[in-house]
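What follows is a short report on a single structure.
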Amino acid sequence: MDFQENTMQSELRDLTRKFAQKEILPLVEQDEHDERFRPEIIRKLGELGLTGIPVPEEYGGAGLGYQEYIATIEELAAVSVSYAISVAVTGLPQVILNLFGNEAQKKKYIPKLAQGEAIGAFGLSEASSGSDAGSMRTTARREGDSYILNGTKLWITQGDIAETLIVMARTGGPGPKGVSAFIVEKGMPGFSCGKREKKMGCSISHTMELIFQNVRVPAANLIGSEGDGFKVAMTALDSGRVTIGASALGVARGALEVAIRHAREREQFGKPIAEFQGVSFMLADMAVALDAARLLVQRAAWLKDNGLPFSTQAAMAKLFATDMAMKVTTDAVQVLGGSGYTQDFPAERYMREAKVLQIVEGTNQIQRLILGRSLTS
Ligand SMILES: Cc1cc2nc3c(=O)[nH]c(=O)nc-3n(C[C@H](O)[C@H](O)[C@H](O)COP(=O)(O)OP(=O)(O)OC[C@H]3O[C@@H](n4cnc5c(N)ncnc54)[C@H](O)[C@@H]3O)c2cc1C
């Protein structure tokens, strides 16, 4: 593993940073307030080749790895976690189809997602099955050349905007083994969206209830075989956790930069507050924690890129990086004092955005569960 970024990683980082500063930053506070998602941002990111980084070129991707992908996700999250998550979630159907899809499915669905012409979503959670995803109730009943989907999904990121959704539903008996994965297209009769969640942060991002009422999905849209769905979902989440870790790096770095700037500029007792050890030690601890998290996220990406087992390391990276982001963003608010608690500065937004990263793609308690099991089994 190289501790220095390669040319491609640096170029992607610079490209994303410039785009985010120019196209997202000027709008982000107002759009968070208005809960307004701009699909054109994803289209433009696609034109720059940033929505399908780890996907093979033959399916319209950049043919690069997660080490490049995390640089882009971090830069987006440093400006807006909503758009970082949007790109990461659009990546999930690509990862799934690339690993488990047949040739026809790959050719039909991946290129548009990889090029930002379509938005993706991942439908696993339900009202009664979050952490215990294997107990889901949505069903898929075989009928001739189709499956008939019935049920309701909850908290699905951009489920209303997405053109291509991967939806997990029960085709067999109880528990994870009875779950299958399907490609669902926007506009399929019987598929609609219910309420949009009002959230404490990441309000640009739509978080949706999905309703399936006798939705006829072609049998050709089954991914793998019946009963593969839970494995498909968990494999996707392993990769997803690396991007959530990268989002945590971005939001924490954004907060640290705001805190450093403020510490240099704000004067109390006749000097910049950065000169008080109580403040500069806080900044030092934030920087160390951020770098430690970066190493864990980079290691998970490196293992994945090199075809080595990475589930445990992805869980470690997600857990540590998102807990770090929560602490660093909270400390950034503290460094800004009263200003930190106001919406005149982005520190409080970063703090609200960091919180969701401890919850999505498996809560941090679930990461500890995975790690505890891997240590003791
Ligand atoms: C903004 C947002 C976007 C989301 N996007 C998506 C999406 O795109 N697709 C999707 O499928 N889902 C999505 N989710 C859902 C998310 O994955 C779930 O919220 C998460 O998995 C937790 O499930 P839950 O909310 O039901 O909490 P619960 O499972 O009810 O957990 C409640 C609390 O109990 C703890 N807990 C539960 N079980 C255990 C255990 N065995 N040991 C210790 N502690 C435990 C949890 O850690 C948590 O603290 C999203 C959620 C949010 C908030």
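The values are calculated or read from the model by the stated rules, or taken from the named source; none is laboratory data. Note that the structure is predicted; figures quoted are calculated from it, not measured. Cβ: placed from backbone, ideal geometry, glycine included. Neighbour counts: every protein chain shown. Just the protein is used for accessible areas: all its heavy atoms, side chains included, with ligands, DNA and RNA removed. Shrake-Rupley method; radii C 1.70, N 1.55, O 1.52, S 1.80 Å.
Condition check: within 21 Å of VAL79 (Cβ to Cβ), within 16 Å of the ligand (Cβ to nearest atom) and not in a helix (DSSP H, G or I). Does VAL360 satisfy that?
Answer is yes for this residue.
Mind counting the residues in region 347-357 that are away from the ligand (no atom under 11 Å from the Cβ) and buried (at least 22 other Cβ atoms within 10 Å of the Cβ)?
Adding up the residues that qualify gives 5.
Within region 2-11, is even one residue touching a residue at least 24 places away in the same chain (Cβ under 8 Å) and over 25 Å from ALA317 (Cβ atoms)?
Looking through region 2-11, none of the residues is touching a residue at least 24 places away in the same chain (Cβ under 8 Å) and over 25 Å from ALA317 (Cβ atoms).
Of (1) among the acidic types (Asp, Glu); (2) outside any loop (DSSP other than H, G, I, E, B); (3) more than 12 Å from the ligand (Cβ to nearest atom), GLU209 satisfies all except one. Which?
It is condition (3) that GLU209 fails.
For the subset of region 153-179 comprising residues that are open to solvent by 40 Å² or more (accessible area, probe 1.4 Å) and within 12 Å of the ligand (Cβ to nearest atom), which member is nearest to the chain's Cα centre (by Cα)?
So the residue we want is TRP155.
Identify the residue in region 106-125 that is of a type outside the set (A, V, I, L, M) and open to solvent by less than 10 Å² (accessible area, probe 1.4 Å) and, among all such residues, is nearest to the ligand (Cβ to nearest atom).
If we take residues in region 106-125 being of a type outside the set (A, V, I, L, M) and open to solvent by less than 10 Å² (accessible area, probe 1.4 Å), then GLY123 is nearest to the ligand (Cβ to nearest atom).
Among the listed residues SER192, SER225, SER247, which satisfies the condition of being modelled with pLDDT of 95 or more and closer than 18 Å to ALA78 by Cβ?
The match here is SER247.
Scan region 101-127 and report the pairs whose first residue is of a type in the set (Asp, Glu) and whose second residue is open to solvent by 70 Å² or more (accessible area, probe 1.4 Å) and more than 16 Å from the ligand (Cβ to nearest atom), with Cβ atoms within less than 9 Å and a gap of 6+ or a chain change.
Here the result reads GLU117/ARG43, each pair linking region 101-127 to a residue that is open to solvent by 70 Å² or more (accessible area, probe 1.4 Å) and more than 16 Å from the ligand (Cβ to nearest atom).
Quick check on this structure: which one of ARG373, ARG368 is over 17 Å from THR243 (Cβ atoms), in a helix (DSSP H, G or I), open to solvent by 40 Å² or more (accessible area, probe 1.4 Å) and near the ligand (Cβ under 10 Å from one of its atoms)?
From the options ARG373, ARG368, the qualifying one is ARG368.
Scan region 80-90 and give yes if some residue there is closer than 16 Å to GLU185 by Cα, outside the structural domain of ILE359 (by TED's automatic domain parsing) and either more than 16 Å from the ligand (Cβ to nearest atom) or open to solvent by 20 Å² or more (accessible area, probe 1.4 Å) (or both), otherwise no.
No: zero hits.
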